[in-house]
Amino acid sequence: MKKLIIAAGLITALALAAFGTTGGLPVNFAGTWTLDKAKSQGLDQRMQNAESVTCVMTQDDNTISVEWKIAGGQPPAGGPPAGGGGGGMGRGPSGPRVFNLDGKEATSEGPMSSTNVAKATWSDATKTLELSTVSTASRDGQEIKITRVDKLSLSADGKVLTINRHAESPRGAQDSTLVFNKQ
């Protein structure tokens with residue numbers, strides 16, 4: 001009987017650890033977030049030179065949408081004009097990038113006949129959300145592939161969003177940490 005009680009306690013402890021203190025409910029990242037350049041690291045040229053960088057997220061039980069707004073600054077060579085669009089950073093001509101929170105891939109068409117595949121994955125007992133995007137396009141008969149993985153996490157008070165980003169493109173790989181304050 002004692003072994004049965006110990007086994008039941010162990011199973012309960014493991015279940016609580018698997019679902020974390022939130023009871024298994026995922027974190028809600030919804031809000032308007034403003035980049036804190038002083039606390040961020042590895043910013044690309046466009047973000048570093050921008051007057052402001054804002055990330056607007058909406059989230060429900062099934063999806064999260066992410067829209068980037070960059071005001072001012074100079075885009076990278078060959079990028080869109082300053083202040084225009086999101087430069088492939090979560091926003092295209094059709095609006096925000098949408099991710100399914102059930103882990104299923106979402107495919108959409110982007111500018112210049114590109115295809116975007118987006119996927120969201122919860123980790124760390126539903127406290128961290130990983131958003132991965134693979135964009136492919138063809139230029140001069142050659143396939144161009146850009147991948148980006150953003151790992152989103154919130155501070156305990158829900159006022160600071162941190163995005164650990166890994167991106168790969170024909171220009172190479174880049175890692176950055178983006179820190180945002182909730183408006």
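Only the coordinates and a few stated rules stand behind these numbers; no lab work does. Predicted model, so just to flag it, every value in this text is computed and none were measured. Glycine gets a Cβ as well: all are built from the backbone with ideal geometry, and neighbour counts include every protein chain shown.
Computed values, structure above
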| read-out | value |
| --- | --- |
| Region 37-49 - phi-based ³J(HN,Hα) in whole Hz, Karplus 6.51/-1.76/1.60, Gly and Pro as x | 4, 5, 9, 8, 9, x, 5, 6, 4, 5, 5, 4, 8 |
| Listed residue pairs exceeding 25 Å between alpha carbons, taken from K104/K182; K37/K119; K37/K104; K104/K127 | K104/K182; K37/K119; K37/K104 |
| Sum of side-chain charges, I146 neighbourhood, beta-carbon under 12 Å (Lys, Arg +1; Asp, Glu -1) | +2 |
| Cα-based shape type of region 25-182, given that a ≥ b ≥ c are square roots of the gyration tensor eigenvalues and the cut on a/c is 1.5 | oblate |
| Point-to-point label distance, K159-T58, nm (Cα→Cβ direction, 7 Å offset) | 2.7 nm |
| Loop GluC sites (Glu not before Pro), region 94-160, which have at most 13 other Cβ atoms in a 10 Å radius of their Cβ (DSSP) | E105 |
| Likely footprinting exposure, I70, I163, fewest C-beta neighbours within 10 Å first | I163, I70 |
| Which of S113, S52 has the fewest Cβ neighbours within 10 Å, and the rest in rising order | S113, S52 |
| Extension gain, T136 back to H166 (0.36 nm per residue minus Cα-Cα distance, nm) | 9.1 nm |
| Computed lengthening from S123 to A30, 0.36 nm per intervening residue step minus Cα-Cα distance | 31.7 nm |
